[in-house]
Structures are given as structure tokens and as C-alpha cells.
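A quick write-up on the structure given underneath.
Every number in this text was worked out from the coordinates using simple rules, so none of it is lab data. Quantities reported herein were computed from a predicted structural model and do not represent experimental measurements. Cβ: placed from backbone, ideal geometry, glycine included. Neighbour counts: every protein chain shown.
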Amino acid sequence: MISNLPTDSLYKFISVAGVAVFVTGAILLKEAYQIETDIGVALHPIQRESDNIKLKGPIIFKLHNEIFNLLDESYIEFEAITEESKREIFLKQIENDRLRARKMETLRTGLVTDIEKISDQISELQLRIAQLALLKFWAKVIMISGIVVSTIGFYLWYTRIQKFIDIDIKKNI
């Protein structure tokens, strides 16, 4: 009776291939969780810099506006002064205000650059998170497929081969 049965190598191959597919999916899922950890680590400096900008930004823009308003007022007052000595003192004050305004402009420009840099980093992380979600999905699909293929292989092996071998062994005992 056993000689008429198909070889069990095909069913064992299907079962082992299913296990291999499952292991591949598990490795991909592990890799996905490692990438998720890396994204979390990369997010901390961005969050810190973002918090820093949230603190510095309003202060810099407020000082920037105050200095430019002060310069406008100083020019108006300067034109009203008639004495030459007071004009020279006022000119020095205006020059100091101009230097402060340039420093504020540099800080404001640096802040805008920092915001753009963080925006780019956030966009990159969003892309990586989307890719990560896709990787997790496919890793799970691969794992489920491996379980299904392996189960089918073991089922076919048992129902078409092993069941008859067990019957034959019971008859011989």
C-alpha cells in the first residue's frame, strides 16, 4: 500500500518552505521595530530643537520689532534736534541701535534657517514612518503566509502520507 503513495518530500518541502517564509517575515518585522527605534532616537534632537525654537522665536521677533520701531522713532527725534552736540550723541545711539538691529536680523535669519532645517528633518522622518508602516504590513503578511503554507504542507503530509503509514504500522504490530 505504501508503494502507491506519492513521496512525502513535496509535502515536507512545502512545510519547511512555509516555516522559512515565516522566519523571513519575523526577521523583517524585527528589522522594522529596529528602524522604529532609530526613528524615535532621531526624533529626540528634533523635538529638543523645536522646543528651543518655540522659546527663542517669539523673543527674537519681539526684540527685532522693538529695535526697528526704536530706530524709526530715533530718526524722527534726530530730525527735531537742532544742537550739533546733541545730534552727535544721538547719532552714536542710532549707530548702536543699528548694530543691535543687525544682530537681531542675523538671529532672526538663523531662526528661520533652523525652522527650515527642522521642517526638512520632519519631512524625512514622516517619509521613513510611512515606509516603516508599509514594511510592518508586508512583514506581517509574509509571516501569516508562511504559517498558512506550512500548515497546508503539514496537513497534506499527514492526510496523504502519515495517516496511511500509521495504519500500516498498526497492521504490522
Margin query: If each DSSP helix of 4+ residues adds -39,500 (n - 2.57) and the sum is divided by the residues in the chain, what number results at 222 nm, nearest 500 deg cm²/dmol?
Written below: -34000 deg cm²/dmol
Note to self: On a 21 Å Cα-Cα criterion, which of the cross-link pairs LYS12/LYS171; LYS62/LYS92; LYS30/LYS136; LYS30/LYS140; LYS56/LYS117; LYS62/LYS86 come out too long?
What the structure shows: LYS12/LYS171; LYS62/LYS92; LYS62/LYS86
Checklist line | Potential extension, LYS30-VAL141 segment - 0.36 nm per residue separation minus Cα distance | finding: 38.6 nm
Note to self: Sorting check: for 135-143, 118-126, which peptide has the highest mean count of neighbouring beta carbons within 10 Å, and how do the rest follow?
What the structure shows: 135-143, 118-126
Next item on the list: Please identify, among GLY25, GLY40, GLY146, the residue showing maximal mean-square fluctuation in a Gaussian network model of the chain using a 10 angstrom Cα cutoff.
Entry: GLY40
Checklist line | Most mobile listed residue (ALA130, ALA80, ALA17) in the chain, GNM with C-alpha springs under 10 Å | finding: ALA80
Note to self: Below 8 Å, C-alpha to C-alpha, sequence gap of six or more: please give me the relative contact order for the chain in percent.
What the structure shows: 58 percent
Checklist line | Karplus-derived HN-Hα couplings along the range 115-121 (A = 6.51, B = -1.76, C = 1.60, θ = phi - 60°), whole Hz, x at Gly and Pro | finding: 5, 5, 5, 5, 4, 5, 5
Note to self: Using Cα springs under 10 Å in a Gaussian network model of the chain, which residue among ILE144, ILE89, ILE115 shows the largest mean-square fluctuation?
What the structure shows: ILE89
Item checked: Share of pairwise Cα separations in the range 19-142, more than 25 Å, in percent -> 55 percent
Note to self: Could you tell me how far the Cα centroid of the range 50-67 sits from the Cα centroid of the range 79-111, in Å?
What the structure shows: 20 Å
